[in-house]
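**Q** My questions will all concern the structure given below.
The values are calculated or read from the model by the stated rules, or taken from the named source; none is laboratory data. Quick caveat, the model's predicted, so the values are computed rather than measured. With ideal geometry, Cβ positions are generated from the backbone for all residues, glycine too; neighbour counts draw on all protein chains shown. The area values use the complete protein model at the heavy-atom level, side chains included, leaving out ligands, DNA and RNA. Shrake-Rupley method; radii C 1.70, N 1.55, O 1.52, S 1.80 Å.
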Amino acid sequence: MERDILIQEVLRLKAERQAVILAHSYQLPEVQEVADFVGDSLGLAREAQRTKAKVIVFAGVHFMAETAAILNPEKTVLLPDLEAGCSLADSIRPEDILAWKQDHPEGIVVAYVNTKAEVKALADVCVTSANAVEVVARLPKDRPIFFVPDMFLGAHVARVTGRKLDLFPGECHVHAGIREEHLKVLLEKHPGAEFMIHPECGCGSSCLFLKPDAKMLSTEGMVRYAKKAEAKEFVVATEVGILHRLSKEAPEKTFIPVKPDAICEYMKRVTLEKVYLSLKEMRHVIRVPEEVAKKAQRALEAMVAVG
Ligand code: 13P
Ligand code: SF4
């Protein structure tokens, strides 16, 4: 089908199904363009919770669709491609949490939203990159804390809050691959640029050493910051899908990716054609077993309430 017709069909089916399309900022530009809302994990979770639409087409990855289904159990949540997973969410199993809990019966488990529902069900609270610092800073000071699964985000939260955290050694393959050597090249080439770094990046602490005024931001935080900052040039360390939004929302500014091949193949599995098929055939419905969903819902509601 021709692209213009595909777009028209997506919009027609969206109205017919009383559906809403929620897209993450790493999605392909043409998918972002048909979405009703584009944002980071926190914004998407909140939008999924508040929408009045009957159907949510989630243009993102599996854990995001699961989060939407848990926060809004009355809605039908569709994920256009079931293979849209996440290497970080895959890095931790429920057994890892249970083992830590056995050794720390008084402990608090903080789960990054990039986890499967079964892991969230064992957590006390979930966080996203946008509110992890604020959530952890509010936790009681006399109890051990297990932060899972992203060790780079965990190290960032520990550094900013001054809290001692037990970190699980998980990572996102895309962000872990953004390293100090990539930054050094751009520091030399663009000495006047502002640096915006996603806290999942492997280069976080070395970046703050090399460029102490670098900003550690979620994807939405990057868009907000770029729009209001005075600088004209920004070096961006995260998945490159964000560049579409940055250039669209701050067209007068220049954005330079630290690593142009930092591409999440899971995010890119969702194409415009699959969004169309998802609406046409109502596939693939994301269901979370009730007993898992109920437990995970507590941790997710604590997450959406902060930040
Ligand atoms: P944000 O919540 O910052 O958009 O991050 C989501 C994600 O998957 C990062 O890899
Ligand atoms: Fe997961 Fe990394 Fe892809 Fe984000 S960029 S969805 S953390 S694999």
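**Q** Test Ala65 against the criterion of being of a type outside the set (Lys, Arg), within 21 Å of Glu220 (Cβ to Cβ), out of contact with any helix residue (DSSP H, G or I) (no Cβ under 8 Å at 6 or more places or on another chain) and within 16 Å of ligand 2 (Cβ to nearest atom), and give yes or no.
**A** So Ala65 passes the test.
**Q** Please work out if Ala89 is within 19 Å of the chain's Cα centre (by Cα), away from ligand 2 (no atom under 16 Å from the Cβ), under 28 Å from Val174 (Cα atoms) and surrounded by 16 or more Cβ atoms within 10 Å (Cβ to Cβ).
**A** no
**Q** If you don't mind, another one. Can you name the residue in region 1-30 that is in a loop (DSSP other than H, G, I, E, B) and closer than 13 Å to Lys280 by Cβ and, of all such residues, is farthest from ligand 2 (Cβ to nearest atom)?
**A** Met1
**Q** Based on what the data block shows, is Ala69 within 16 Å of ligand 1 (Cβ to nearest atom) and either out of contact with any Gly (no Cβ under 8 Å at 6 or more places or on another chain) or in a loop (DSSP other than H, G, I, E, B) (or both)?
**A** no
**Q** If you don't mind, there's one more thing I want to ask. Which of the numbered conditions does Arg245 fail, given that it passes all the others? Conditions: (1) open to solvent by less than 30 Å² (accessible area, probe 1.4 Å); (2) in a loop (DSSP other than H, G, I, E, B); (3) touching a residue at least 40 places away in the same chain (Cβ under 8 Å).
**A** (2)
**Q** Which members of region 31-52 meet the condition of being buried (at least 17 other Cβ atoms within 10 Å of the Cβ) and part of a helix (DSSP H, G or I)?
**A** Those that are buried (at least 17 other Cβ atoms within 10 Å of the Cβ) and part of a helix (DSSP H, G or I): Val31, Gln32, Val34, Ser41, Leu42, Gly43, Leu44, Ala45, Arg46, Glu47, Ala48.
**Q** Under the condition of being surrounded by 24 or more Cβ atoms within 10 Å (Cβ to Cβ) and within 16 Å of ligand 1 (Cβ to nearest atom), which residue from region 72-86 is nearest to Gln49 (Cα to Cα)?
**A** Here the answer is Leu79.
**Q** Please determine, by comparing only the residues of region 148-193 that are among the acidic types (Asp, Glu) and touching a Ser or Thr at 6+ places or on another chain (Cβ under 8 Å), which one is nearest to Ala237 (Cα to Cα).
**A** Glu180
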